[in-house]
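Step one of this worksheet: look at the structure below.
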Amino acid sequence: QADVIRYEEKLKEVLTEWLQEQDAHEPSSKIRRVVQALTDDEVGAEESERALESKEAFSGNLVNLLADLNANGDLPALLFHFDRYSVEEIARSILERLKKDEQEWRKHSPEWEKKVKGWRDWHAGAKGREKAAQRAELKKDKAEGDKMERLQNAAAVDTSPFAIYANFDPDAPSEEFSFINWGTRYSANELDEDIKHLERYSTTPRFLLEGLRRGIAVHHSGLPKGYRVLVESLFRIGFCRVVVSTEDLALGVNMPAKASVFCGDSPALNALMYRQCAGRAGRRGFDLLGKVIFYGIPNERVKQVVLSRLPALRGNYPLTPTLSLRLVSLLVDSGHAPSARDAVSDLLKIDKLTVGSDITRDQTLYNLRFSVEYLIRAQVMDSNGAPLHPWFNLASFLYNNEPANLALLALFREGYIHKICNDNLIDAKRNLMQVLSFLFCRQYISRANFDKEAFAVNNRTPSKVILPDLEPAAYEIIRRHNEDVLNVFTELAVMYAIQHGDELGPDNELPLSGHAVEATLTPFNSTFLQSLKKTRLSSRSRSPFVAMSGHGDVYRNVDELSRTVRRGVQLTKHVLPAIELFKAETTNVGEGQRYINAYLWDFYMHGQDKPIVEANGIQKSQIWYLLYDFSMAIDAMITAIKDLMHKGQRGIDDDMTSVAGDSVAGVSTAAVQEDWAAEPLDAEDKLGGAAGLDARAAVLNSTSASNVPLEKERSDEAEALSGGGAASDVELIKPEHVSARDWRVYEVFWHLQKDFNEKFKAMWA
């Protein structure tokens with residue numbers, strides 16, 4: 001390797017010298033002649049690039065490429081594509097091509113016909129060989145001889161011409177049409193056992209199991225874990241030598257190969273991804289050099305990927321209200337332990353949490369201060385920073401889904417979720433699913449590209465595509481939630497602009513051109529200036545260029561706040577926990593130009609992925625990831641609700657662990673009682689009212705409650721037989737200390753998750 005590096009340095013020196021010559025661009029120059037001599041005539045030719053445009057040509061020629069790699073000793077190989085569905089199609093096409101070619105070969109091959117005829121003859125004489133073996137066994141027992149002679153007879157090997165057919169299976173793939181390396185310690189019987197195990201305990205598609213018998217495998221995050229583990233093991237020992245994968249194998253998995261093949265172009269194929277995937281080529285201790293192959297990618301695209309510089313790494317760690325909640329919770333839960341204080345202090349000492357941003361440490365501290373203020377107003381924590389249940393659970397368990405988690409908290413706090421869950425189970429699940437589809441994992445559709453009237457006439461799919469409007473009560477609750485967010489962070493902008501006005505300086509630069517507008521020499525006592533001063537509005541946080549139109553420090557919405565705040569006050573719309581309403585009368589910029597895609601609602605209703613692609617416009621490669629994110633979100637909701645109910649069984653002082661593994665231990669019973677004592681006990685229409693207070697009173701007075709499980713546990717064998725996730729045979733049992741209304745909410749969430757996951761798991765892989 002050291003010699004190669006030195007050679008590369010010397011070569012660069014020579015090439016640099018040639019490039020600096022005056023005639024470097026002339027065809028007769030040294031550098032041009034070298035490039036011409038090294039260039040393959042077929043590389044970049046239009047005919048060769050167009051040859052793989054058709055799907056049949058792409059798939060058919062890929063088998064020829066693998067055959068050449070096998071003949072040249074360049075297997076094992078990793079074939080990379082960045083679309084999980086295309087990855088499976090590539091593997092399926094290779095498998096089908098091998099099976100088709102094998103079938104044709106067997107029809108016309110005298111060698112195969114002779115082998116099958118010999119196997120049939122051997123199989124026909126099986127009974128005769130069995131009787132002969134029994135007679136030989138009787139004679140051997142009666143025969144006299146020493147111990148050594150008996151051992152030699154027992155170890156005798158069948159040397160008959162038909163002995164080769166003992167392990168022959170005419171239905172098994174022929175070695176000529178397989179990429180398996182039979183020279184490893186792994187046997188065909190072990191492969192059969194592992195495949196039978198996968199068939200019994202997982203939902204692995206059959207074509208993937210057939211591919212393993214030919215040394216072809218697929219690897220991406222949507223496949224069953226047992227199958228992926230088997231593929232990784234077989235590839236490491238050299239048994240399975242062709243694996244088609246997404247970028248999952250580019251990082252973190254020890255599966256080096258002799259060759260890396262990029263199969264087809266993709267927007268995800270950039271300079272960084274190329275380096276990661278190409279780095280898999282070449283096994284340490286086995287290969288001097290690895291091979292990187294571009295297949296079905298235009299030559300210009302190959303040059304772009306190979307020659308591009310690596311993108312600069314940029315960290316992004318915005319200080320959101322949920323992150324502030326977790327930091328405060330870390331301090332409180334640990335009893336202000338030194339390690340927790342040091343961790344929070346070190347984080348806040350960083351000059352810029354977001355690399356490349358202008359947010360300073362001072363403003364980060366302001367953001368933390370007002371985020372805590374918002375959380376106190378939202379009843380997530382008290383003035384001492386202690387978490388308030390049940391809202392703390394919902395906010396912290398759904399920390400990955402901000403701002404939807406805080407909007408859902410507002411709906412819970414106002415009793416709206418309890419209200420819709422009081423319907424019959426079918427309607428309750430549908431209404432809840434509509435609300436969750438509105439809040440979580442949003443995808444949008446442009447109004448300019450979607451004609452609702454034309455779609456309503458021509459739609460032949462079960463998808464609605466555009467999410468139906470929520471009830472007015474839900475919109476009103478979310479609107480008030482947005483107002484609370486706007487008020488808190490408007491105070492932040494005003495306070496920061498006042499206290500740091502000297503540091504910020506005059507806001508006199510135009511936002512696009514950066515041109516500084518200097519003060520004019522208009523006389524102070526001019527009539528025009530006096531008139532302007534009498535009619536102007538006071539503005540401390542607003543950009544003066546916007547304030548000239550008569551706007552002060554009163555903002556209509558969070559979007560306006562983030563767009564028109566003065567220079568130096570960094571408030572990003574996506575960090576503020578407001579959620580867009582998308583109503584017809586909305587005044588937010590951007591909301592009137594888009595619809596919310598109803599892909600979650602549609603999938604829950606019909607459970608099909610094809611309409612989601614054709615009607616909803618979601619890319620097939622993205623469906624699984626989007627549905628998985630929602631599945632994890634609803635799982636976190638149920639975990640938060642279940643944890644709250646279990647708190648009443650264990651006692652408030654017990655520690656618990658969130659779904660992310662972070663401690664969210666509760667505070668003392670006395671503290672919670674004191675905080676909730678000020679709440680009105682007669683607010684029957686809110687989840688801060690009857691339902692919530694019943695639940696809290698039950699929690700607080702149930703430290704001696706019996707430990708009744710929420711669900712009956714299934715045995716490990718039943719869990720394995722069901723594929724590890726079906727919940728159809730789980731019986732819900734209501735704990736005695738939980739009120740009927742609160743239990744109804746848990747039931748609806750639980751059944752909604754079961755219905756969604758059954759449809760979701762049916763389309764895995």
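The values are calculated or read from the model by the stated rules, or taken from the named source; none is laboratory data. Just so we're clear, the structure is a prediction, and the values are computed from it rather than from any experiment. As a convention, Cβ positions derive from the backbone with ideal geometry for all residues, glycine included, and neighbour counts pool all protein chains shown. We work out accessible area using only protein heavy atoms, side chains counted, and drop any ligands, DNA or RNA first. Shrake-Rupley method; radii C 1.70, N 1.55, O 1.52, S 1.80 Å.
Residues whose amide H falls under 5 Å from that of residue 540, counting only those 5 or more places apart or on a different chain, are 553, with hydrogens built in the peptide plane. Using equal-weight Cα scatterers in the Debye expression, the normalised intensity of segment 454-494 in log10 at q = 0.15, 0.17, 0.22, 0.28 Å⁻¹ is -0.60, -0.64, -0.76, -0.91. Normalised per residue, the accessible area of segment 54-110 is 46 Å², obtained with a 1.4 Å probe and no contribution from ligands, DNA or RNA. Rounded, prolate or oblate: which one fits segment 205-266, using the alpha carbon gyration tensor with axes a ≥ b ≥ c (rounded when a/c is under 1.5, else prolate when a/b beats b/c, else oblate)? It comes out rounded by the Cα gyration axes.
Taking all protein chains together and a 1.4 Å probe, the residues 18, 624 rank 18, 624 from largest to smallest accessible area. In the complete set of protein chains, residue-level accessible area for residue 510 is approximately 60 Å², probe 1.4 angstrom. Just report the Cα centroid separation between segment 599-645 and segment 208-267, whole Å. Result: 27 Å between the Cα centres. Note on segment 294-347: Rg/Rh from C-alpha atoms, Kirkwood Rh, equals 1.46.
With every protein chain in place and a 1.4 angstrom probe, the accessible-area ranking of 196, 99, largest first, reads 196, 99.
For residue 79, the amide hydrogen comes within under 5 Å of the amide hydrogens of 243, 244, 245, 261, counting only partners 5 or more places away or on other chains and with H modelled in the peptide plane. The residues of segment 442-498 present an accessible area of 54 Å² per residue when probed at 1.4 Å with all protein chains retained. The accessible surface of segment 186-331, taken with every protein chain in place and a 1.4 Å probe, is 53 percent carbon and sulfur.
As a rough guide to protection, the peptides 408-414, 106-112 ranked by mean Cβ packing within 10 Å, highest first, stand as 408-414, 106-112. Using 0.36 nm per residue and subtracting the Cα-Cα separation, the extra length available between residue 306 and residue 9 on full extension is 105.0 nm.
For a test of the definition: using alpha carbon positions, the gyration tensor, and the 1.5 limit on a/c, classify segment 439-515 as rounded, prolate or oblate. Oblate is the answer for segment 439-515, as a/c is 1.5 or above yet b/c matches or exceeds a/b. Averaging 1/r over every pair of different alpha carbons in segment 384-463 and inverting the result gives a Kirkwood radius of 15.4 Å. For a test of the definition: using alpha carbon positions, the gyration tensor, and the 1.5 limit on a/c, classify segment 167-260 as rounded, prolate or oblate. Oblate shape, in that a/c is at least 1.5 and b/c is the bigger or equal ratio. The listed peptides 21-29, 225-233, 556-564, ordered by packing as a protection proxy, come out as 556-564, 225-233, 21-29 (highest mean of other Cβ atoms within 10 Å first).
Pairs from the table (100/196; 115/196; 464/610; 258/303; 610/754) lying more than 19 angstrom apart at Cα are 100/196; 115/196; 258/303; 610/754. Starting from one equal scatterer on each C-alpha and no solvent at all, send me the Debye-based log10 I(q)/I(0) for segment 262-320 at q = 0.12 Å⁻¹, two decimals. Scattering profile of segment 262-320, log10 relative to I(0): -0.40. When each of the peptides 737-749, 181-193 is scored by the mean number of other C-beta atoms lying within 10 Å of its residues, the order from highest to lowest reads 737-749, 181-193. Extension gain, residue 761-residue 288: 0.36 nm per intervening residue step, less the Cα-Cα distance, totals 165.9 nm.
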